[in-house]
Amino acid sequence: MQRITAVFTRKRISIDTILAGRCEKEGCARVLLASRDPGFPKMVEHLRRVHDVLDVEYIEDDAEGFALLRSAAGRRAVVGKAGEVDAKVASEDGASYVTAYGAL
Amino acid sequence: MKGARAVVQMLEEQGVTVAFGHPGGACLPLYDELYASKIRHVLVRHEQNAAHMADGYARVLKRPGVCIATSGPGATNLVTGIATAYMDSSPIVAITGQVATSVMGNDAFQEVDAFGLMMPIVKHNWRIEKADDVPRVFREAFHVCTDGRFGPVHIDLPLDVQRDEVSDAAVKAKYAPRKVRKKDLSRLLDAIKFIEEAEAPVILVGGGGRWSTSGAEILRLAEMIGAPVVTTLMGKGSVPEDHPLVLGPVGMHGKMVATHTLGAGDLIVALGTRFSDRSTGKLSEFGKQQRIVHVDIDSSEVGKNVQHVVGLVGDLYTVVHALLAGLERRALSKRTPWLDRVGAWKRECACDFDYHGAKVLPQKIIWELNRHLPDDAILTTEVGRHQMWAEHFFDVRQGRTFITSGGLGTMGFGFPAAIGAKIAAPGRFVMDLAGDGSLQMTMKEFATARENGVNVAVLVMNDGYLGMVWQWQKMWYNERYSAVDLGRFPDFVKIAEAYGCEAVRVEREGDLPDAILASQEADVPFLIDVAIDPDELMLPIMPPGKSAKEVILGPRCIWKGGQSVASPIPARP
């Protein structure tokens, strides 16, 4: 993971979301990264260079969104398309929240 | 077998015969095994130079050089050398000792996070945590460093791993790479079409040309498509510079004919180059009028610095052969007008740099080197003005090799690299062209050279200044010379003699040939200290951040701006 994020650090591209976990290949992990940075799509080839990275795929923006909200009313999760989640979060004025985006 | 024994066995299995290194507390078991092995160990005086020597060794033989250092300061000292190799895509395998895994992370004596330190400057690195991983990691490391684009790798080897037992099964297990490098020749037909349509093609060769040793193929391609060949600093020597189509280096201190031709053509076939700012000048001005075919082994380089290229990904040797095969049956135009024009430019740029002055001029030194070095000589350089004079004027004829630190620009690289190169090719004459500033960074290695009977020659262009910085301060900082005066010390002749080497001081240009010839006859390392004219500027220079149109020419430069031949190629939309 450090090797992957180091590539982004060096190229000064910020990542909005990192999602990593076990996957169908034994001993491997799948990592989802999401970013709004215009330079983001070009990173595919730079990531391929990393020895540990088996393959890289770029998926354009129909991302799933996910948000956790905490307000006076309690905690809840919001799931949907990225845009919808953003809109919901924006409508919750003053609540603490965290959002995540990803696509498969 | 013990982990340390397995390490040595793996090195032998990979065909390693020489290792450069410096022992210490955290790699004692490994050194104990080296004591009994057939691997020749070269003891350096500073770990940085172990990496530079491995680098120089690798650049001559095109196979991995090995360097070894201990944990903590040993590992940090290696960093500069490994970063140098990384920037110039040189395959070295660096092994560092590490404190035992039981105390790792507790700030133990001589502990540093070498794994984390090296990560950004190697192709890949490993921290071995159990002895059974030793065989796999070493096999993988040697595979990775020469697979695809070459590059350094690093292995962190804790003390207890060196002592623990490795199972026979682990030693016998075969290594199979998980990842297969992809070639991408899908745009080969586009590339061929561009080459066919071009009226004025130019071939630009970078460091990839040297690593793949495909100079002969590149020349065949050049002859076939009627294109002049220019090189970057790292590509210098990939094609013999006495070939009529080869124009020499481009870039900040390149030859005017090369830079001008590159800008005047309508197609650039870029082979194994990353379009460094030092070779292109201002990137937004570069390649505006040209179509570009970019061949590189590393897919991430295609389109990195120069966009809108036709990219071919693969080993240069393979790709150039594919281009040759694709172009062979086609009726290519001879492009005689273009080659005539380039030929006229080449004549306009062919200055006689046999300059005479009251003090020895640096160009004169290179002129004498051109004449008196053998045809299979290896010339390494440090970093600074002497490097640029060598780039500009030194003639890398068939069989000669030119080794320099282009990417990172590491002062002090040349001398240890020369030692590594001499060990790789004991039959060839190796000279390090040094500046007085650079040599002082690594001159302790005279001891290594003398002890190991590595008879390299060093020629110091001694101006008493950090000349390159001095020149920039003169040209762009209103002659405010800040921290560039090195004074009169040391006396390099005495330094060399203190290490048991021979040395001469040259103050008149007439003494140069004898000194150069004597250095080839010497039975010990040989130093030539030449006092050069400190006021001579390294020109021409393309000012940093400026384009090829704004090059500053030298007072003796006979270049007329390419005016001797009219009609530049009309720009393509």
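Observations, loosely collected:
- Mean residue ellipticity (222 nm) of chain A, computed from DSSP H runs ≥ 4 via -39,500 (n - 2.57), nearest 500: -6500 deg cm²/dmol
- Förster radius 45 Å - calculated FRET efficiency between B:TYR175 and A:GLU60, Cβ distance, rounded to 0.05: 0.75
- Span from the the stretch B:445-480 Cα centroid across to the the stretch B:1-44 one, whole angstrom: 33 Å
- Counting beta carbons within 10 Å around each of B:PHE138, B:PHE429 and listing the fewest first gives the order B:PHE429, B:PHE138.
- Ranking of B:GLU391, B:GLU140, B:GLU328, B:GLU12 by neighbouring Cβ atoms within 10 Å, starting from the fewest: B:GLU328, B:GLU12, B:GLU140, B:GLU391.
- Whether the stretch B:188-349 is rounded, prolate or oblate, judged on the alpha carbon gyration tensor where a/c under 1.5 counts as rounded: rounded
- Counting only DSSP H runs of at least 4 residues, each contributing -39500 (n - 2.57), and dividing by the residue count of chain B, the helix-based mean residue ellipticity at 222 nm comes to -10500 deg cm²/dmol.
- Here A:LYS25, A:LYS42 are placed in order of increasing Cβ neighbour count within 10 Å, fewest first, which gives A:LYS25, A:LYS42.
- About the centre of its Cα atoms, the stretch B:1-140 shows a dipole size close to 480 debye [charges on the beta carbon of Lys, Arg (+1) and Asp, Glu (-1) only; nearest 20 debye].
- Annotation: extensible slack from B:TYR481 through B:ARG163 equals 109.0 nm (criterion: 0.36 nm per residue apart, minus Cα-Cα distance).
- Between A:ALA73 and A:GLU24, the FRET efficiency estimated from the beta carbon spacing at R0 = 60 angstrom works out to 0.95.
- Only Cα pairs under 8 Å and 6+ residues apart enter the sum, and on that basis the relative contact order of the stretch B:188-349 stands at 26 percent.
- Among the chymotrypsin sites (Phe, Trp or Tyr not before Pro) found in the stretch A:1-102, those both in a DSSP coil and sparsely packed, with 14 or fewer other Cβ atoms within 10 Å of their Cβ, are A:TYR58.
- Shape call, the stretch B:3-172: gyration tensor on alpha carbons, a/c limit 1.5: rounded
- Farthest positive-ward along chain B dipole, Cα basis, beta-carbon charges - from B:GLY74, B:HIS260, B:SER333: B:SER333
- Backbone HN-Hα couplings from phi across the stretch B:271-283 [Karplus 6.51/-1.76/1.60, Hz, Gly and Pro as x]: 10, x, 9, 9, 6, 5, 4, 6, 9, 9, x, 4, 5
- Loop-located trypsin sites (Lys or Arg not before Pro) in the stretch B:33-115 whose Cβ has at most 15 other Cβ within 10 Å (DSSP): B:LYS38, B:LYS62
- Simple label model, 7 Å out from Cα along Cβ direction - B:MET224 to B:ILE558, nm: 3.6 nm
- What the phi angles of the stretch B:16-25 give under the Karplus curve with 6.51, -1.76 and 1.60, with θ = phi - 60°, is a coupling list of 6, 10, 10, 10, 9, x, 9, x, x, x Hz, glycine and proline written as x.
- Partner lysines for B:LYS546 [C-alpha distance under 19 Å; skip if fewer than 8 residues away on the same chain]: B:LYS255, B:LYS282, B:LYS288, B:LYS474
- Distance cut-off 26 Å, percentage of C-alpha pairs in the stretch B:362-531 lying past it: 22 percent
- For chain B, the share of alpha carbon pairs falling in successive 20 Å distance bins from zero is 21, 51, 26, 2 percent.
- Entry note, the stretch B:3-172: relative contact order of 27 percent, from Cα contacts under 8 Å with a spacing of 6+ residues.
- Close amide H pairs (under 5 Å, H built 1.01 Å from N) link B:LEU312 with B:HIS294, B:VAL295, B:ASP296, residues at least 5 positions away or on another chain.
- Separation in nanometres of the label points that stand 7 Å from Cα toward Cβ, at B:GLN520 and B:GLU12: 4.0 nm
- Dipole moment magnitude, nearest 20 debye, the protein assembly as shown about Cα centre, only Lys, Arg, Asp, Glu C-beta charged: 1460 debye
- Within the stretch B:188-349: Cβ-based charge dipole about Cα centre, in debye rounded to nearest 20 (Lys, Arg +1; Asp, Glu -1): 260 debye
- Amide H to amide H, with H built 1.01 Å from N, B:PHE20 comes under 5 Å of B:VAL42, B:VAL66, B:CYS67, B:ILE68, counting only residues 5 or more places away or on other chains.
- Karplus (6.51, -1.76, 1.60) ³J(HN,Hα), θ = phi - 60°, over the stretch B:313-322, in Hz, Gly and Pro reported as x: 10, x, 4, 4, 4, 5, 5, 5, 5, 4
- The stretch B:203-310: trypsin sites (Lys or Arg not before Pro) in DSSP loop, at most 13 other beta carbons within 10 Å: B:LYS288
- Neighbouring Cβ atoms from other chains, within 10 Å of the Cβ of residues in A:45-53, number 6 on average.
- Sequence-distant residues sharing a close amide H with B:VAL205 (under 5 Å, placed H): B:VAL230, B:THR231, B:THR232, B:LEU271
- Positive dipole terminus of the stretch B:362-531, leading residue within B:VAL454, B:GLY409, B:VAL530 (C-beta point charges): B:GLY409
- Calculated FRET efficiency for the pair B:LYS182/B:LEU43, C-beta based, R₀ 41 Å, to 0.05: 0.45
None of the figures in this text is laboratory data; all of them are computed from the coordinates on show. No experiment lies behind these values; they were computed from the predicted model shown. All Cβ positions, even for glycine, are placed from backbone atoms using ideal geometry, and neighbour counts span all protein chains on display.
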